[in-house]
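Following: one structure in structure tokens, then a few remarks.
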Protein chains: 2
Amino acid sequence: MAELVGNLLVAQSGGPTAVINASVAGVIREAGKHGLIEEIYGGLNGIFGILNEDLIDLNEEKNSAIEGLKYTPGAALGTCRYKIDFKKKPENAARDMDRLFEVFQAHNIRYFFYVGGNDSQDTSNQIHHEAVKRNYEIRVIGVPKTIDNDLPHTDHTPGFGSAAKYVATTVAEVALDIGGMATDEGACCIIEIMGRTAGWLAGSSVLARTAGTGAPHIVLLPEVPFNEEAFLAKVKEQVDAHKFCVVACGEGIKNAAGEELGADKSRLDAFGHPVLSGAAETLAELVQGKLNTKTRTVKLGYAQRAAAHLASLRDIEESVMCGEAAVRAAIEGRSGFMVKLVRSSEDPYHCATDLQDLGDIANSVHLIPKDWISEDGFLPNEKFVQYCRPLIEGEPKLVFEGGLPRYTTLDRVPVDKVLQPRG
Amino acid sequence: MAELVGNLLVAQSGGPTAVINASVAGVIREAGKHGLIEEIYGGLNGIFGILNEDLIDLNEEKNSAIEGLKYTPGAALGTCRYKIDFKKKPENAARDMDRLFEVFQAHNIRYFFYVGGNDSQDTSNQIHHEAVKRNYEIRVIGVPKTIDNDLPHTDHTPGFGSAAKYVATTVAEVALDIGGMATDEGACCIIEIMGRTAGWLAGSSVLARTAGTGAPHIVLLPEVPFNEEAFLAKVKEQVDAHKFCVVACGEGIKNAAGEELGADKSRLDAFGHPVLSGAAETLAELVQGKLNTKTRTVKLGYAQRAAAHLASLRDIEESVMCGEAAVRAAIEGRSGFMVKLVRSSEDPYHCATDLQDLGDIANSVHLIPKDWISEDGFLPNEKFVQYCRPLIEGEPKLVFEGGLPRYTTLDRVPVDKVLQPRG
């Protein structure tokens, strides 16, 4: 493999996580070790910004800012949900690809790293194949990222462990709160957790059970069809036994007909998925109405993927590791792969990185195995716990300022534009 | 004042906070210093449990558990929303009072400490006056507690600082998340924060503005009548300027007619207040519908008053201090007072405890002063920030186990019942 000299471009895509910037830090740190890589650029707002030639010079950032990225939530480079879609909009997609390679050429981008989830890996895959077709020499490596933990072929995804730690802690704390208030009248609290199709994050709430409150008493996963009657019976059983019931529910839970309990079908996101909002509210009305048990809801929303103040140190370290591994793979001449995590040992836990063909990742979803869920479908079982537990371990040393965690903002020194504005 | 020898009873009431147990720890620690106090009992589930003679022996708890209480959320003794209501149910109330003093007498309770908010201070006040009337010698002291910070005569309430620290951190993190995703289409996130009448906690989100994202861009307080037109114009202005807008809203915001935006009038809690659920959802539908700006919601719910993992160290210390001060006041012969916090110095911040007549507290609500709110009503101003900032400062050293904060559960060794069960 000939040595490839040129510039590096790293960008982020999709929903942020608490550690999405840690992977960027890993890319920057590793890139600094390799003489083949000349400039280190960041693309603002993913592909969307790159098409507009919105690049920043990451070598202009302070060293402390690069370090701070490891502990700062949200996408420091900005993300997008922009998709180059050859199926639905072939003309736009072809035009976008032309423009993208114009930008790559104009800035001699020879190393491209895209940190994202399913859709972003698909984009990376398309860019890789376009490069081959156009005979433009570039190394494209995807870096995994999603709190949903739904990418195939990787043991887990960076971002999941931190979100799981936050979710499990929140469920334990809410259980202490509601458990202390519960009297004979009974009480119920329903906590809605992100995850459209896969229930990994909702499932991770089960880790809270070690905290001694017995909560969550019920976990509703999108993988298990929702049965109203069985659910209400289970809530009643738990309230009768403990005076209170904490339910963790995935936002995307569906009835037997496959209809989402909380979906407003009239609203679609940029990828054509229905927007979800109300699984917890729907369930609360049900419990309140049918069982007459006082029921409150918590909807964690964006807070659960941004809670860097409760990030998992292991997750941070692995996210950095994935960024570093991406650069090393590219330097070794690989392109068209996603970095994946491979768990080689359970006790002591050990994970290493490897590569997976991007074509194997895109638009495929990794769900919780059936035999990791209790027979009645209301709790992830011991296999799930064993898998999940190591991912939330370790706490970073956070710096607080005036009572709040200190997060990093990049200076974002722009790279001079050399192309005409996008038509 | 004659020395009063006897047993101590401490109980908790109302909605828990992250530090409600720290006040109990303060009571127990201080009580241990005074020979006049013989047994140290806890009442389970507040007045409700005391009427059932559900007492536990706090001297049977491990020393480490008492220490652990300082960092454990939820009410370790249990709370209730049970009210002795002479106005609405005079016969029940009279019967309850008879029973209560039977329990006091049976267990020689001579020191009674009730940790709670407005309604609980009212209960303490009634008990104090009943004792005087009945010529039963007991010292009754209220210990303040509420995340709402709405008790009069005290600089602030224990529990508020920790909730404020969590709320401000969450708003800062969500802003980093949504800010990184924002493209020209714009984006909005509405975070619903507890506080039925007073906007202190919603207002505390303004502390997040030091984090550099500019968020929260808008804070909606129950103290300021909601004006739909002005609100939408403000959201549009912020989205136009920053591409995104983070709105922190108090759950109890009202329109000019005094109607709560998120109230479901058909549901009432035990005190006859309407149950609130949907201010954020109502606003989101408005922004989405009228401005066509993609809008998501976060509803922190119980999580915000239970988030001990992000407690303010100052709040913990002051909560302990209030518990200790209550015992010292009782030992000195005082009864019928609530411990209050008096801020004596701003820089360096210094707060001391003092006493306020319980009759001055009950059923009165402390709102944000008008001149602490910006002229357009959309942000607390610098006076509010100056007041609030010291209350969120400091971080306790938490112990984590398996990736989760380790919280304390009491052994709850019951005190033998000596009375007939309550009729």
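The values are calculated or read from the model by the stated rules, or taken from the named source; none is laboratory data. All figures in this text were calculated on a predicted structure; none of them were measured in a lab. Please note: Cβ atoms are built from the backbone with ideal geometry, for glycine as well, and neighbour counts cover all protein chains shown. Surface accessibility is based on the protein's heavy atoms, side chains included, excluding ligands, DNA and RNA. Shrake-Rupley method; radii C 1.70, N 1.55, O 1.52, S 1.80 Å.
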Margin query: Considering only the stretch A:103-122, I want to know if a residue exists there that is surrounded by fewer than 24 Cβ atoms within 10 Å (Cβ to Cβ) and either without any contact (Cβ under 8 Å) to a residue 24 or more places away in the chain or among the aromatic types (Phe, Trp, Tyr) (or both).
Written below: yes
Next item on the list: Mind counting the residues in the stretch B:213-231 that are more than 14 Å from chain A (Cβ to nearest Cβ), surrounded by fewer than 17 Cβ atoms within 10 Å (Cβ to Cβ) and in contact (Cβ under 8 Å) with a residue 12 or more places away in the chain?
Entry: 4
Item checked: Checking A:VAL413 against (1) away from every other protein chain (no Cβ under 14 Å); (2) β-branched (Val, Ile, Thr); (3) open to solvent by 60 Å² or more (accessible area, probe 1.4 Å), the condition it does not meet -> (3)
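Just checking, which of B:PRO405, B:PRO380, B:PRO369 is open to solvent by less than 80 Å² (accessible area, probe 1.4 Å), at pLDDT 95 or above and within 14 Å of chain A (Cβ to nearest Cβ)?
Numbers: B:PRO380 fails: within 14 Å of chain A (Cβ to nearest Cβ); B:PRO369 fails: within 14 Å of chain A (Cβ to nearest Cβ).
That would be B:PRO405, the only listed residue that is open to solvent by less than 80 Å² (accessible area, probe 1.4 Å), at pLDDT 95 or above and within 14 Å of chain A (Cβ to nearest Cβ).
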Margin query: Quick check on the stretch B:152-170. Is at least one of its residues in contact with a Cys (Cβ under 8 Å, 6 or more places away or on another chain), of a type in the set (Asp, Glu) and away from chain A (no Cβ under 14 Å)?
Written below: yes
Notebook entry, point to check: Just one of the numbered conditions (1) out of contact with any Leu (no Cβ under 9 Å at 6 or more places or on another chain); (2) surrounded by fewer than 24 Cβ atoms within 10 Å (Cβ to Cβ); (3) modelled with pLDDT of 95 or more is not true of A:ASP184; which one?
Noted result: (3)
Check: Restricting the search to the stretch B:219-230, which residues are over 29 Å from A:THR72 (Cβ atoms) and not in a helix (DSSP H, G or I)?
Finding: B:LEU221, B:PRO222, B:GLU223, B:VAL224, B:PRO225, B:PHE226, B:ASN227
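Regarding A:THR169, is this residue modelled with pLDDT under 95 and hydroxyl-bearing (Ser, Thr, Tyr)? Give the steps one after another, and end with the answer.
Details: modelled with pLDDT under 95: no; hydroxyl-bearing (Ser, Thr, Tyr): yes.
So A:THR169 fails the test.
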Note to self: Against the condition at pLDDT 95 or above, on the phi < 0 side of the Ramachandran plot and within 20 Å of the chain's Cα centre (by Cα), how does A:LEU44 come out, does it pass?
What the structure shows: yes
Item checked: Matching residues in the stretch B:1-57 - criterion: being farther than 19 Å from B:GLU318 by Cα and of a type in the set (Val, Ile, Thr) -> B:VAL5, B:ILE37, B:ILE40, B:ILE47, B:ILE50, B:ILE56
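Test A:LEU310 against the criterion of being at pLDDT 95 or above and either more than 13 Å from chain B (Cβ to nearest Cβ) or within 26 Å of A:ARG196 (Cα to Cα) (or both), and give yes or no.
Details: at pLDDT 95 or above: yes; either more than 13 Å from chain B (Cβ to nearest Cβ) or within 26 Å of A:ARG196 (Cα to Cα) (or both): yes.
For A:LEU310, the condition - at pLDDT 95 or above and either more than 13 Å from chain B (Cβ to nearest Cβ) or within 26 Å of A:ARG196 (Cα to Cα) (or both) - is met.
So, in the stretch A:241-260, how many residues would count as being in contact with a helix residue (DSSP H, G or I) (Cβ under 9 Å, 6 or more places away or on another chain) and open to solvent by 40 Å² or more (accessible area, probe 1.4 Å)?
Residues of the stretch A:241-260 in contact with a helix residue (DSSP H, G or I) (Cβ under 9 Å, 6 or more places away or on another chain): A:242-253, A:255, A:260.
From what is left, the residues that are open to solvent by 40 Å² or more (accessible area, probe 1.4 Å) are A:242-243, A:255.
Result for the stretch A:241-260: 3.
With respect to A:ASP360, is the statement that it is touching a strand residue (DSSP E or B) at 6+ places or on another chain (Cβ under 9 Å), within 26 Å of A:ARG139 (Cα to Cα) and either surrounded by fewer than 20 Cβ atoms within 10 Å (Cβ to Cβ) or within 14 Å of another protein chain (Cβ to nearest Cβ) (or both) true? Quick ask: steps written out before the conclusion?
Working: touching a strand residue (DSSP E or B) at 6+ places or on another chain (Cβ under 9 Å): yes; within 26 Å of A:ARG139 (Cα to Cα): yes; either surrounded by fewer than 20 Cβ atoms within 10 Å (Cβ to Cβ) or within 14 Å of another protein chain (Cβ to nearest Cβ) (or both): yes.
Yes, satisfied.
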Notebook entry, point to check: Is it the case that some residue within the stretch B:135-144 is within 14 Å of chain A (Cβ to nearest Cβ), among the hydrophobic types (A, V, I, L, M, F, W, C) and under 21 Å from B:MET321 (Cα atoms)?
Noted result: no
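Going by the structure shown, is B:ALA303 among the hydrophobic types (A, V, I, L, M, F, W, C), modelled with pLDDT of 95 or more, within 30 Å of A:VAL246 (Cα to Cα) and in contact with a strand residue (DSSP E or B) (Cβ under 6 Å, 6 or more places away or on another chain)?
Working: among the hydrophobic types (A, V, I, L, M, F, W, C): yes; modelled with pLDDT of 95 or more: yes; within 30 Å of A:VAL246 (Cα to Cα): yes; in contact with a strand residue (DSSP E or B) (Cβ under 6 Å, 6 or more places away or on another chain): yes.
Answer is yes for this residue.
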Check: Taking the stretch A:383-402, which residues are away from chain B (no Cβ under 14 Å) and not aromatic (Phe, Trp, Tyr)?
Finding: A:LYS383
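How many residues does the stretch B:147-167 contain that are hydroxyl-bearing (Ser, Thr, Tyr) and over 13 Å from B:LYS340 (Cβ atoms)?
Going through the stretch B:147-167 one residue at a time, the tally reaches 2.
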Notebook entry, point to check: From the list B:THR210, B:THR197, which one is within 12 Å of chain A (Cβ to nearest Cβ), surrounded by fewer than 24 Cβ atoms within 10 Å (Cβ to Cβ) and closer than 28 Å to B:ALA352 by Cβ?
Noted result: B:THR210
Next item on the list: Specify the residue that is nearest to A:ASN118 (Cα to Cα); the eligible residues are those in the stretch A:316-357 that are open to solvent by less than 70 Å² (accessible area, probe 1.4 Å) and without any contact (Cβ under 8 Å) to a residue 12 or more places away in the chain.
Entry: A:ALA352
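Out of the helices (runs of 4 or more DSSP H) lying entirely within the stretch A:1-100, which hold 3 or more residues that are open to solvent by less than 40 Å² (accessible area, probe 1.4 Å) and away from chain B (no Cβ under 13 Å)?
Values: elements: A:20-31, A:46-51, A:63-69.
Ranges flagged: A:20-31.
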